[in-house]
Each structure stands twice: as structure tokens, then as C-alpha cells.
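To keep things clear, I will list the structure first and then write my remarks on it.
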Amino acid sequence: MIKQKVRLGDLLINEGIITEDELIQALNRQKEYRNDGVDKKLGEILIELGFASEKQILETLSKQLGFPFVDLYGEKIDYEFLSSFPLSLIEKHHVIPFKKDEEYVYVATADPLDYDSLELIEKFSPKPLKVFIALTKEIQIIIERLKITISTHELINKVKKELKSGGSENISAIDELVDLILEKAIKDRATDVHIEPLRYNFTVRDRVDGVLKELFSFEKDIYFPLVSKIKLLSNMDISEKRKPQDGRFTKNYNSNIYDFRVSTTPTLHGESVVLRILDQEKILLRMTELGMSEYNLKRFEKLVHSPYGIVFVTGPTGSGKTTTLYAALNEIKGVDKKIITVEDPVEYEIPLIQQIPVNARVGMTFAAALRSILRQDPDIIMIGEVRDKETLESAIQASLTGHLVLATLHTNDAPSAVTRMIQMGAKNYMVADSLIGVVAQRLVRKICPYCKTEYMPVKEEIEMIKPFLKEDIKFYKGTGCKECGFTGYIGREMISEVLVVNDTISHLIAINKDKMEIVNAAKQFGYVGMIEDGINKIKEGITTLDEILRVVKVDVF
């Protein structure tokens, strides 16, 4: 392999990515590491100091060295060929021989200047190497896929053997595979499992702390019996592959009973299957366990203890709105109160509460259920989602006749709930009279306490939040370890904003003032925006700037 002499610092300066001063700082930091007996590469230090991102560095090297970028997700990885290389070698050097042809072995690396590693891989290669550049996270995912392929090799061979011998969806190996997937997801604390067919294979991913992560990648011939087995468990029609279907089943793992809500939908290469994992213990949260800041929690508690009015919890799908409402109901329920909920579907059963499942096929919509609820003499009503004018008007009427109504709404922030209600057809004065408060929320991942370390974000990220920084703060992140599955995060925390509608805000709504005027007035009464709540969580070392920027649009206000 021909080695090219490349001075990374000079290249990055020429590309305008870093300055000479930043290079000097990085080189000085490198000397400090060496004095402490730590050998750290310049690129790693530039990323650590926030002077450059990995992608910027690799794009610069790609241009200089002539090594093209490769999207490993879009490649048909030859895992059989890949497993012919020692796993320890691949793990140590992070070089992936991902395929071969008649002339070359194609390898991907995140460090094209590490010629020693490339030469070591070349010694095990039957042909000359053709080098490509890939991001570290993509290489790590392929390594994890390889480990999974090796660990499940015996079971997959068992499935194939039983299929060849004329087995059906009831073959024992498929049962084992279903259990393997679900047990791994439960162990990972996943909220849902996604089985997704691709052109050459299919992947199994689970969502942990709100982010999808790959569990398995199998050959396509395993996909069809696996999906058929899940559909049988869920009482679905296994012969129907052209229409979406919904089902449900229950399984016992480690002495705990789990409900799995299953959804299938046809895609280009087969049916996409999503299994929602419902653990009854997870819903018995108190409001103090939601992760809401103490300041916002006190404001929210006052709202849910109001005798009447509408309280909305807003946010995108998967932001924990229903969990927040359940926690509020757990807080205020009692034998002295009649509480009725309308949900689509009812995911968890709560003692002392009457829960009504929506069933549009028989005419039991949110609006129809609300009309019948008012004849049941409730004190508190919870609506799973307000999605149309009829439901909204019924909720407003219920609140104006002395009921406390808790509901969810899809808006990006708390003040937008007012605009949304009016857009849906509610009169300004009706919104002003009925709405008493709005909580907007997001869920951000918490930094892993086992690998937490101080770092500096890249310059562009600091600039984005500069208007909200009132002081210099320290930034932390997780470097990745076995405890957190090398993600750097364990668990989730809420960031939120609470808009309390007092007489002043109510008057502004009634006279049709715009959102910015409502926000400016709310700030005078203690309203704190979500981005500021997020920055407070960064300051406390709970989460990262990456997470805040992932879930919050910083230029909302």
C-alpha cells in the first residue's frame, strides 16, 4: 500500500475548518496527553475541543487522499466473507472488509491515515485492498451486526433446516427466534421493536430512550416465517399482505407479563411490523418521577388540581404526553372523584378510573364518547387526543360546565396550542374562557453516569444557543461504555414549558392577539421556554447539547 504524507492540521486550515490558533491549542493538548502517557490522535483532539466534526475531517481527507466515501447502510455486506477475518482484529482496528470482487477486497475505515491497521488487514486479505472512508458510527454498527451474525448463527441454521424439511410458521426454531428478539428488546429497556424488510435482507431494530438501534440483521428467507408467526400470535390474517393490520398478544418473560401491540403495513419489499412493548409497571409513575424541572412541576401541579378548565399536554408522537397524563391522573385520582378517560387505544389499566376505548368502526369516536361521558356525572375527563373540531367543542363545553378536562394536542410549543384550537374552529372567546394551561414537552436522553466526561461542542452548535446562554457553562457527554451499550446515554429526562393562562393571557386570547404577544406577556408571569429548560438540564450535567438540538427548534422564540 502506497503511503501518502498528509499533515491533517494544514489541510483543515486550508479548507477553512480550523484556525492556526485552534491547531496550536490542539497540538498543545496532544502534548499534555502524551506527558500523561496517553496516545491520542490529532483528529480526535480537534473533535473533543469542538474545533471540527468527524464528518468535516473525513471529507477533507477523502478529497486529499482520493479515497471515496461509502454509505455502509446501502451496501450488501458479505458477512460470510467478513467473518473470515479475525473479529478481534476488526474490533481493534475498526477496518471493515465489506465485500470483494475479482480484483479487490473493499475495506471501509474511519481513519485513512492509519496505514499500519490497513496493512495488517491486508495480510489476511486474499487480494489487494481498495480503501473507502466511512463514519465511525457506521463501522461500529457493522461490527455489532457481525457479532450478532456470529452469535445467532446456530439458531438461524436451525430455522433454515426446519424450513427446508417442510416446516411451517409453528416450527420451534421460529418460536426461539421470536423469544430471542423480544427478550433482547426488553433487556435493552426498549419501547418498541421494528421488523423492516429490505431488498437483500431484513433488519430488527428497537427503540431505546427514543432512538432506534439495530438488534439483528437476517437473510430474507427468515423474514416471511417470522412475520407469519407474529401475525398468528396477534390473531391477524396471515394471508393478507396488502392491507395494514393491528393485533395484540401477551407473553411472560422473567416472571413479568408484557403486552405487545402489533401493527403491520405493506412496504416496497414486504410488510413492516412494529411491536409496541407495554409494561404495566412503567405507567405507575408519580408526577415527581416524570423528570420535569421543579419549577415547571409546581406550575403543572396547580393546573391539574384546578376544579374546571382544559389543560393540554402537547408535543410530537413519542414525547411522553400520555405518560404525563397518566401520572397526573395517578396524582389526583381517589374514591371521592369520578374520572373517565377516552383513549385510542387503552394501553394501560389504571385503578379507580373508568377507561373507554375508541372504536370508530362501531361509531364510538372521541366526540361520541364525550357526549355519553357527560351523562355519567364525571369530575375529571381525560381525552387521549383532540384531533377534530367536534371533539374540541365537546371538550370546551365539558370544561365550561364545571369539569376538569385533561387532553393531548399536537403542537410544537405551548403557546401554539391557542393558535391550533382557533384553527380547528373554536371561537376566541371560548378558548379564552376554557383554557387554563398548556404543557409542551420533549424527552431527551440522559448522559450515562459510567462514562460521563467533559467536552466542548463544535462552534456551530454553541452559536445556535448563544442568545440563551446567560453564563459560561460546562458541557458533558458519555463517551460510550458497556453499561450504556456504547451510546453514551442511559434513560430519559423531560424538558418542558408550562403556559399558565391567567386573566391577562385570557384577555389577549379573547381579543385575538398573535402568538408572540401572548409569549411576551407570559414571560412577565414566569413562563420559561423549552430551550431554556433544556439549557438548565445541560448546566446540571443531565443531558447533552446534541440532545437538546435534536428535539428543540432553537429559533422558535
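The values are calculated or read from the model by the stated rules, or taken from the named source; none is laboratory data. What you are looking at is a predicted structure, and each value in this text was computed from that prediction instead of being measured. Note that we place each Cβ from the backbone using ideal geometry, even for glycine, and neighbour counts take in every protein chain shown. With ligands, DNA and RNA removed, areas are computed over all heavy atoms of the protein, side chains included. Shrake-Rupley method; radii C 1.70, N 1.55, O 1.52, S 1.80 Å.
Structure above, values below:
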{"read-out": "Qualifying residue in the stretch 475-486 (condition: modelled with pLDDT under 90 and out of contact with any Phe, Trp or Tyr (no Cβ under 9 Å at 6 or more places or on another chain))", "value": "yes"}
{"read-out": "Hits in the stretch 491-514 (condition: part of a loop (DSSP other than H, G, I, E, B) and either open to solvent by 30 Å² or more (accessible area, probe 1.4 Å) or of a type in the set (D, E, K, R) (or both))", "value": "Asn502, Ile511, Asn512, Lys513, Asp514"}
{"read-out": "Residue satisfying all of: in the stretch 543-554; assigned to a loop (DSSP other than H, G, I, E, B) and either open to solvent by less than 40 Å² (accessible area, probe 1.4 Å) or polar (S, T, N, Q) (or both); modelled with the lowest pLDDT among these", "value": "Val554"}
{"read-out": "From Met456, Met424, residue being touching a residue at least 24 places away in the same chain (Cβ under 8 Å), open to solvent by 10 Å² or more (accessible area, probe 1.4 Å) and more than 26 Å from the chain's Cα centre (by Cα)", "value": "Met424"}
{"read-out": "Single residue of the stretch 306-331 satisfying the filter (touching a residue at least 60 places away in the same chain (Cβ under 8 Å) and of a type in the set (A, V, I, L, M, F, W, C)) that is surrounded by the most Cβ atoms within 10 Å (Cβ to Cβ)", "value": "Ile310"}
{"read-out": "Residue in the stretch 339-355 that is open to solvent by 10 Å² or more (accessible area, probe 1.4 Å) and on the phi > 0 side of the Ramachandran plot present", "value": "yes"}
{"read-out": "The lone exception for Ser84 - which of (1) assigned to a loop (DSSP other than H, G, I, E, B); (2) touching a helix residue (DSSP H, G or I) at 6+ places or on another chain (Cβ under 6 Å); (3) polar (S, T, N, Q) it fails", "value": "(2)"}
{"read-out": "Test: residue in the stretch 381-388 that is touching a Ser or Thr at 6+ places or on another chain (Cβ under 9 Å) and over 19 Å from Val313 (Cα atoms)", "value": "no"}
{"read-out": "Some residue of the stretch 275-292 being open to solvent by less than 10 Å² (accessible area, probe 1.4 Å), more than 24 Å from the chain's Cα centre (by Cα) and not small (Gly, Ala, Ser)", "value": "no"}
{"read-out": "One residue from Leu89, Leu58 being open to solvent by less than 40 Å² (accessible area, probe 1.4 Å), under 30 Å from Met456 (Cβ atoms), assigned to a helix (DSSP H, G or I) and not polar (S, T, N, Q)", "value": "Leu58"}
{"read-out": "Hits in the stretch 246-274 - residues which are open to solvent by 80 Å² or more (accessible area, probe 1.4 Å) and farther than 17 Å from Asn235 by Cβ", "value": "Asn252, Asn254, Ser255, Ile257, Leu268"}
{"read-out": "Count - residues of the stretch 96-119 that are in contact (Cβ under 8 Å) with a residue 40 or more places away in the chain and either charged (D, E, K, R) or out of contact with any Lys or Arg (no Cβ under 6 Å at 6 or more places or on another chain) (or both)", "value": "8"}
{"read-out": "Residue count, the stretch 120-135 (criterion: under 19 Å from Gly66 (Cα atoms), open to solvent by 60 Å² or more (accessible area, probe 1.4 Å) and outside any strand (DSSP E or B))", "value": "1"}
{"read-out": "Those residues of the stretch 352-387 which are within 30 Å of the chain's Cα centre (by Cα), without any contact (Cβ under 8 Å) to a residue 24 or more places away in the chain and not in a helix (DSSP H, G or I), in sequence order", "value": "Gln355, Ile356, Pro357, Asn359, Arg387"}
{"read-out": "Total residues in the stretch 459-476, condition open to solvent by 90 Å² or more (accessible area, probe 1.4 Å) and out of contact with any strand residue (DSSP E or B) (no Cβ under 8 Å at 6 or more places or on another chain)", "value": "8"}
{"read-out": "Output for the stretch 71-92, where each listed residue is modelled with pLDDT of 85 or more and of a type in the set (A, V, I, L, M, F, W, C)", "value": "Phe81, Leu82, Phe85, Leu87, Leu89, Ile90"}
{"read-out": "Every residue from the stretch 522-539 that is aliphatic (A, V, I, L, M) and either in contact with a Gly (Cβ under 7 Å, 6 or more places away or on another chain) or in a helix (DSSP H, G or I) (or both)", "value": "Ala522, Met530, Ile531, Ile535, Ile538"}
{"read-out": "Tabulated pairs, the stretch 50-74, first under 17 Å from Val131 (Cα atoms), second among the small types (Gly, Ala, Ser) and surrounded by fewer than 17 Cβ atoms within 10 Å (Cβ to Cβ), C-beta under 6 angstrom, 6+ apart or interchain", "value": "Phe69/Ser62"}
{"read-out": "Residue within the stretch 389-401 that is under 31 Å from the mean Cα position of the chain (by Cα), among the charged types (D, E, K, R) and closer than 23 Å to Ser506 by Cα present", "value": "yes"}
{"read-out": "Total residues in the stretch 388-409, condition crowded, with 17+ Cβ neighbours inside 10 Å and in a loop (DSSP other than H, G, I, E, B)", "value": "1"}
{"read-out": "Test for Gly488: is it within 26 Å of Ile18 (Cβ to Cβ) and buried (at least 17 other Cβ atoms within 10 Å of the Cβ)", "value": "yes"}
{"read-out": "Pick from the stretch 1-55, criterion under 28 Å from Tyr106 (Cβ atoms), among the basic types (Lys, Arg) and assigned to a loop (DSSP other than H, G, I, E, B), ranking: most open to solvent (accessible area, probe 1.4 Å)", "value": "Lys5"}
{"read-out": "Looking only at the stretch 427-446, and only at residues there that are open to solvent by less than 10 Å² (accessible area, probe 1.4 Å) and assigned to a strand (DSSP E or B), the one that is farthest from Ser506 (Cα to Cα)", "value": "Val444"}
